[in-house]
1. Within the bounds of the range 109-124, is there any residue that is touching a helix residue (DSSP H, G or I) at 6+ places or on another chain (Cβ under 7 Å) and under 22 Å from residue 250 (Cα atoms)?
2. Can you find even one residue in the range 67-82 that is more than 24 Å from the chain's Cα centre (by Cα), without any contact (Cβ under 8 Å) to a residue 40 or more places away in the chain and not assigned by TED's automatic domain parsing to the domain that holds residue 174?
3. Would you confirm whether any residue within the range 203-217 is outside the structural domain of residue 135 (by TED's automatic domain parsing) and without any contact (Cβ under 8 Å) to a residue 24 or more places away in the chain?
4. Given the criteria assigned to a strand (DSSP E or B), on the phi < 0 side of the Ramachandran plot and surrounded by 15 or more Cβ atoms within 10 Å (Cβ to Cβ), does residue 141 qualify?
5. Name the single residue, out of those in the range 181-202 being more than 19 Å from residue 11 (Cα to Cα) and buried (at least 19 other Cβ atoms within 10 Å of the Cβ), that is farthest from the chain's Cα centre (by Cα).
6. Does residue 228 satisfy the criteria of being at pLDDT below 90, surrounded by 11 or more Cβ atoms within 10 Å (Cβ to Cβ) and either touching a strand residue (DSSP E or B) at 6+ places or on another chain (Cβ under 9 Å) or not assigned by TED's automatic domain parsing to the domain that holds residue 150 (or both)?
7. Looking only at strands (runs of 3 or more DSSP E) that lie completely in the range 159-213, which have at least 1 residues being out of contact with any helix residue (DSSP H, G or I) (no Cβ under 9 Å at 6 or more places or on another chain) and within 24 Å of residue 245 (Cα to Cα)?
8. Select, from 146, 178, 107, 117, the only residue that is assigned by TED's automatic domain parsing to the domain that holds residue 86 and within 16 Å of the chain's Cα centre (by Cα).
């Protein structure tokens, strides 16, 4: 078998087509890269077109061999694991050659990174169920997140059930995609450029009231910044209302931040840390 590098469109179906082509052409893969990755290499590079029929065949085969492997494949693709495509590709090859027995070895050096990445994905999705902050924007609820992993597919069921009668969107800054929900239907769509609209005066007041509530319930005598960073990791603060600056509380029709009645002295939230960068492709499996 010859060694090749496959280039694909970054989608889950596109990755499955890379697996299909490697078997159809009897080629061993040295790397699988998306169109955004540099293609400077000594190995020959071939672009793989996405074919839904080929992707479905691979998915059915994996499901037939092991439902556990199918779940690991689907969730592993959503993680920010470096070179995740090659980790998943090697897992599928072993599955087809050896059967699912190796999946029972929790310390297997080839599968362990995948398991750890999937646990990190699940943990991040769980935290964001409580850390997402929505704003009311002209009858639509809108929120932003900046996760390391592509968590929107895992958050979809939770927020669609919670806001069943609402219209809302949740934008992923890192992967530039958005979860859109209205009328009982939800979709995840790529969205390259997005900027949240400034709030109306009522929404600006609600934001400031939430920030005042957060500052007020703090107990100065028990102030423990290390514990706070443990329970509420600092990398999530950039999209949470209580950690924003004055501009976040400025109404669209007002040149200055709105004001509300004073609150008892508490522990004010610190400044907002820099936003995290991109960590993965912007397509949806």
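1. no
2. no
3. no
4. yes
5. Filtering the range 181-202 for residues that are more than 19 Å from residue 11 (Cα to Cα) and buried (at least 19 other Cβ atoms within 10 Å of the Cβ), the one farthest from the chain's Cα centre (by Cα) comes out as 199.
6. Judged against the criteria, residue 228 is a match.
7. 168-172
8. Of the residues listed, the single one that is assigned by TED's automatic domain parsing to the domain that holds residue 86 and within 16 Å of the chain's Cα centre (by Cα) is 117.
The values are calculated or read from the model by the stated rules, or taken from the named source; none is laboratory data. Note that the structure is predicted; figures quoted are calculated from it, not measured. Every residue, glycine as well, gets a Cβ built from its backbone with ideal geometry; the counts of neighbours run over all protein chains shown.
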